[in-house]
Amino acid sequence: MLWMVRIIGAHSANSFTSARPSSAVGFLYGTNPPAPPQWIHVTSRFTQLLENLKITEAQRIDGETKHAGIRACLNRYYYGHGSETANSLLMGSWGKLTRVRPSRDVDLIFLLPGHVYHRFQLRAGNKQSQLLQEVKGVLANTYSQTEMRGDGQVVVVPFNSMPVEVSPGFVCDDGSIIVCDANNGGRYITSTALAEAAALEYSDKATNGNARQLARMAKQWQRHCDVSLKSFQLERLACEFLATYRHAQESVF
């Protein structure tokens, strides 16, 4: 209350009662209340924006149900059990938790047994294309009403509400993951999915959760403006910006 003593002490009793109250004294008597901060409504609206970018609970359950079914189907065929999580990992926005409402698709890598790799290595022609076709056929036995395609690097299961893109792959002796690329005669390429997820997770923890929030906003901007940048590029840009931004660890607003 030191500021009150200074105000009162600076006036005589007569001048205090006869003079027009200063803004501070007026505040004490309720005659001159301060105006509310102009940004107070921006905070609530910005918070609502971030909430609107997140997928809904129904969308989350829908996506999880679909990719769990795909994983279980492939596990039954290649491993003899129906696990909905084993031998696979989510990548893209679902693996990095940067999904924007509504989610365009679910991306996952299914890790096949080593003997499948050696079996296809004995074949002639585009081995990766043939492997994609086999995985497509396995899924078609379960999802017979869904017209799939297997080309490039993935098998696409085009569910009406949320497609699932499956990238068949193998774990190498050094722990790296290789996935199919049927383009230009076929080859295996090293997946960067785990490295991308680790980099985003590190940035998000170091910046009070701001990395994922910024990535989601950038993705919505990309979608709305039809910008020719890929999602992982926007996530990388968000991490690099926050690494040098002096307010990176503060709240989102």
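Starting with the fewest neighbours, write out Ile70, Ile55 ranked by other beta-carbon atoms found within 10 Å of each beta-carbon.
Going from least to most buried by this count: Ile55, Ile70.
In square nanometres and to one decimal, what's the mean projected area of the convex hull around the Cα atoms of the range 195-244?
Seen from a random direction, the Cα hull of the range 195-244 projects 3.2 nm² on average.
Of Lys66/Lys96; Lys66/Lys127; Lys54/Lys219; Lys54/Lys136; Lys136/Lys230; Lys96/Lys205, which ones are farther than 20 Å apart at the Cα?
Among Lys66/Lys96; Lys66/Lys127; Lys54/Lys219; Lys54/Lys136; Lys136/Lys230; Lys96/Lys205, the Cα-Cα distance tops 20 Å for Lys66/Lys127; Lys54/Lys136; Lys136/Lys230.
Which whole-number percent gives the relative contact order of the range 52-191, counting Cα pairs below 8 Å spaced six or more residues apart?
Across the range 52-191, relative contact order equals 21 percent.
Suppose R0 equals 30 Å. What FRET efficiency, 1/(1 + (r/R0)^6) with r the Cβ-Cβ distance, do Asn208 and Glu84 give to the nearest 0.05?
After rounding, the FRET efficiency stands at 0.35.
What distance in nm lies between label points placed 7 Å from Cα along the C-beta direction at Arg123 and Val42?
5.9 nm
If I take every Cα pair under 8 Å that is 6 or more residues apart in the range 195-244, average their sequence separation and divide by the length, what percent do I get for the relative contact order?
Relative CO of the range 195-244 lands at 43 percent.
So if I place +1 on the C-beta of Lys and Arg and -1 on the C-beta of Asp and Glu, and nothing else carries charge, what would the dipole magnitude of the range 38-185 be about its Cα centre? I want it in debye, nearest 20.
140 debye
Modelling each spin label as a point 7 Å along the Cα-to-Cβ direction, I'd like the Thr142/Val227 distance in nm, to one decimal.
Inter-label distance under the simple model: 3.7 nm.
Note down the Stokes-Einstein diffusion coefficient of the range 113-253 in µm²/s, whole number, using a Kirkwood radius over alpha carbon pairs, 25 °C, and 0.890 mPa s.
138 µm²/s
How much net charge surrounds Met148 when only the other residues with a Cβ under 14 Å from the Cβ of Met148 are counted, with Lys and Arg +1 and Asp and Glu -1?
Taking every Cβ under 14 Å from that of Met148, the sum is -2.
May I ask for the Rg/Rh ratio of the range 52-191, computed from Cα atoms with Rh as the Kirkwood radius, given to two decimals?
Value, to two decimals: 0.97.
No value in this document is a laboratory result; all are computed from the given coordinates. Please read all numbers here as calculations on a predicted model, not as lab measurements. Backbone-built Cβ (ideal geometry, glycine too); neighbour counts: all protein chains shown.
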